[in-house]
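Undergrad: Sharing a structure here in structure tokens format.
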Amino acid sequence: MRRLMMAAWLALAAAVGGGAIVAAQVQVNPKDMSGGVMPTSDIPLGTVTARLLRGGFDKPIEGHVVDFTVDGKVRQAKTDADGRASISGLRRGASVRAVAVVNGERLESQEAVVADSGLRILLVATDPEAEKRAAEDRALAVAAAVKGVVVLGPESRFIAEIQNDELTVFYQLEIVNSARTPVDPGGPLVFNLPTGARGASVMDGSTPQATANGPRITVTGPFAPGVTSLQVGYTLPYSGGTAVIDQKLPAALQQLNLLVQQLGGFTVRSAQLTGTREVQDERGQALIIGAGPGLPAGQSFAIEISGLPHRPVWPRNLALAMAAVIMAAGLWAAATARPRHVSA
């Protein structure tokens, strides 16, 4: 199941949102990447480029000296307008390390060996303004909650697959508080799952603020700044090969993302999807993906999945019809029977 959920999101990112969705999903702090070395074919063999930044990619440091230590000997180069300093002509097998000192902060890369491509190095200095804002954010994050709203972020998605001849549905939701302080939306977020939902549970990786009670999922506030993760799973009975997922949303959904495991012949319909298409994950599993615009709080979305494997319903219908006939005949006989006269 975990593999399917990850494959689901990667397929959805590649087919619906492209790199933009992946970028939104994985928010990397450039400071955490400082010192890393990446082989690349974009630059010639024997060339090493170091990019010097202050805090993030939008703040390159120009005109700063970078020391490249190549096989124990230091070579210097200055950064350009993009914060890049380069050296070239290195032999295959040479070891190289880049160092820069920015406002007393020493930035040093990992040691790398020139092989069959060029090398890119990233050096990221501390941004005082960013550090100041981060400190403010940490202080505000533990402040008293204020009245506000939360939304279900654009990375939220709904996944359906067949497990043991049952339709299993997963919600991977991101409850987003864009404020810098905790927010109280005026009560808990309550997800009343579709009619007939069974075995509902809050899955690993979810916030401890979430609980399951029968077909109801409750997430209590207040909600911290950023993302609160909610992952839910349940089974949804169906008959006749068609199932409908009808879910009312307690908070606004910024984008509708759907993925359904395709076992052959499945179709997905919804007036709230702008389109569907079939893709394959990295293991060749066929998937149906769909996307649609955001939905306001309090609105439901309805997804119909047809072509699901099922047992014929005519034997059950025939048995019910025969029972109804027998019952009707018994009632008619009882109502029309004549009373018997008993002789003295």
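Undergrad: Cα gyration tensor of the stretch 66-208, axes a ≥ b ≥ c as square roots of the eigenvalues: rounded (a/c below 1.5), prolate (a/b > b/c) or oblate?
TA: Judged from the Cα gyration tensor, the stretch 66-208 comes out oblate (a/c at least 1.5, b/c at or above a/b).
Undergrad: List, largest first, the extents of the alpha carbons of the stretch 190-304 along their principal axes, each in whole Å.
TA: Per principal axis, max minus min of the Cα coordinates gives 43, 30, 30 Å.
Undergrad: Something else now. Please go through the stretch 68-137 and write out the trypsin sites (Lys or Arg not before Pro) that DSSP classes as loop and that have at most 15 other C-beta atoms within 10 Å.
TA: Counting only loop positions with at most 15 other Cβ atoms within 10 Å, the trypsin sites (Lys or Arg not before Pro) in the stretch 68-137 are Arg91, Arg92.
Undergrad: Tally the DSSP beta bridges in the stretch 34-130 and give the antiparallel ones as a percent, rounded to 5.
TA: 80 percent
Undergrad: Using mean Cβ contacts within 10 Å as the protection proxy, how do 238-249, 134-145 order, highest first?
TA: 238-249, 134-145
Undergrad: For Glu105 and Ala135 in one chain, what is 0.36 nm times their gap in residues minus the Cα-Cα distance, to one decimal in nm?
TA: Full extension from Glu105 to Ala135 adds 8.9 nm.
Undergrad: Taking every pair of distinct Cα atoms and averaging 1/r, then inverting, what Kirkwood hydrodynamic radius in Å comes out for the stretch 34-130?
TA: 13.2 Å
Undergrad: Rounded to whole Å and sorted largest first, what semi-axes of the equivalent ellipsoid does the C-alpha gyration tensor of the stretch 197-238 yield via the square root of 5 times each eigenvalue?
TA: Equivalent-ellipsoid dimensions as semi-axes: 22, 10, 7 Å.
Undergrad: Can you put Glu278, Glu111, Glu174 in order of Cβ neighbours within 10 angstrom, beginning with the fewest?
TA: Details: Glu278 14, Glu111 11, Glu174 19.
The fewest-first ordering by Cβ neighbours comes to Glu111, Glu278, Glu174.
Undergrad: Another question, then. Fewest Cβ neighbours within 10 Å first, please rank Leu53, Leu90 accordingly.
TA: Values: Leu53 24, Leu90 21.
Ascending number of Cβ neighbours within 10 Å: Leu90, Leu53.
Undergrad: Only Cα pairs under 8 Å and at least 6 apart count here; give the relative contact order of the stretch 172-307 as a rounded whole percent.
TA: Worked out over the stretch 172-307, it gives 25 percent.
Undergrad: Cut-off is 10 Å between beta-carbons; in what order do Val183, Val74 appear when sorted fewest neighbours first?
TA: Val74, Val183
Bear in mind these aren't lab numbers, they're just calculated from the coordinates by the rules spelled out. Model, not experiment: these values are computed from the prediction. When we count neighbours, we look across all protein chains shown, and the Cβ atoms used for this are built from the backbone with ideal geometry, even at glycine.
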